[in-house]
Amino acid sequence: MASIVDTITGWLGERLGRYLSHISHFHTPAAPADPEKLMACLQPGDVLLVEGQTRVSAVIKYLTQSTWSHAALFVGEATGLTDADGLPRCFLEADIRDGVRAVGVAEFKGLHCRVCRPIGLRADEIDTVIGFALARLGSRYDLKNVIDLARYLMPAPTVPLRWRRRMLALGSGDPTRAICSTLIAQAFEAVRYPILPIVESVPSKDPLCPGCVDEILHVRHHSLYVPRDFDVSPYFALIKPTLAAGFDHRALTWQPAAPGAAARIGRAPPGRPATA
């Protein structure tokens with residue numbers, strides 16, 4: 001009986017995965033990342049956040065109330081793999097159809113991205129993080145998470161904000177499966193690097209400071225992490241490729257103003273008083 005249920009779940013998950021991974025184009029005011037500038041600023045261990053354009057991306061952005069729907073780990077040349085153009089497959093990600101895989105920067109062409117960099121990790125700790133993720137290469141995506149996410153594409157009452165994070169943690173918990181943010185969160189847990197831990201304040205045990213409190217960090221379960229957590233984490237620096245490349249606003253080319261436009265700047269519309 002269990003094998004029949006697993007077979008049906010697998011078939012349904014595959015069909016849903018195909019549907020949810022379909023591209024749904026939408027307008028975004030954010031400029032896509034320049035692949036060359038992106039690669040120039042990346043370091044092994046960086047987390048790349050992506051504003052995806054698939055149906056499942058829309059679900060994740062709704063549930064997390066965030067721009068970011070996907071996360072990938074930059075591993076440099078650690079995979080030893082190259083893409084069709086001979087470029088290194090330097091990112092590890094969990095794809096809804098292919099599972100944990102290595103991809104090149106071309107996978108994120110035309111998409112709005114953000115680089116989040118863990119601060120203070122030693123080289124051996126970065127190697128441990130990357131090694132943990134590499135060991136999961138080929139693992140399957142958690143298909144039960146796919147079924148859970150699919151429910152939010154259907155007309156339904158608004159999901160209360162306090163429940164949304166847990167809606168993404170309804171999968172099987174099978175360690176041979178993964179979703180993008182869960183995989184990366186587990187990799188950083190391997191070196192006890194914080195992302196968004198639960199902070200508990202307790203009375204200090206220092207006899208010289210009776211009114212003081214100590215902060216105790218508790219590891220948040222990896223299944224509760226979402227891509228936006230790397231963005232808002234106080235332990236990850238935000239790296240913007242354009243600024244890292246040496247941004248100079250004086251080198252920008254602006255469209256010439258139309259004749260008379262300068263005179264109209266600051267002028268109030270008819271019927272509305274001007275402001276200082």
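Whenever a residue of the range 103-117 is of a type in the set (D, E, K, R), its partners that are open to solvent by 30 Å² or more (accessible area, probe 1.4 Å) and part of a loop (DSSP other than H, G, I, E, B), lying with C-beta atoms within less than 8 angstrom and at least six residues away or across chains, give the pairs K109/P32; R114/K240; R117/Q43.
Against the numbered list (1) modelled with pLDDT under 60; (2) within 30 Å of D98 (Cα to Cα), Q186 comes up short only at (1).
Restricting attention to the range 217-234, the residues that are at pLDDT 90 or above, in contact with a helix residue (DSSP H, G or I) (Cβ under 9 Å, 6 or more places away or on another chain) and open to solvent by 70 Å² or more (accessible area, probe 1.4 Å) add up to 0.
None of V115, V100 is surrounded by 18 or more Cβ atoms within 10 Å (Cβ to Cβ), at pLDDT 95 or above and part of a strand (DSSP E or B) except V115. Among the conditions (1) modelled with pLDDT of 90 or more; (2) under 26 Å from L196 (Cβ atoms), P88 misses just one, which is (2). Only a single item in (1) open to solvent by less than 60 Å² (accessible area, probe 1.4 Å); (2) in a helix (DSSP H, G or I) is not met by E107, and it is number (1).
The values are calculated or read from the model by the stated rules, or taken from the named source; none is laboratory data. Source: prediction; values computed, not measured. So basically every Cβ, Gly included, is an ideal-geometry build from the backbone, and we count neighbours across all protein chains shown. We work out accessible area using only protein heavy atoms, side chains counted, and drop any ligands, DNA or RNA first. Shrake-Rupley method; radii C 1.70, N 1.55, O 1.52, S 1.80 Å.
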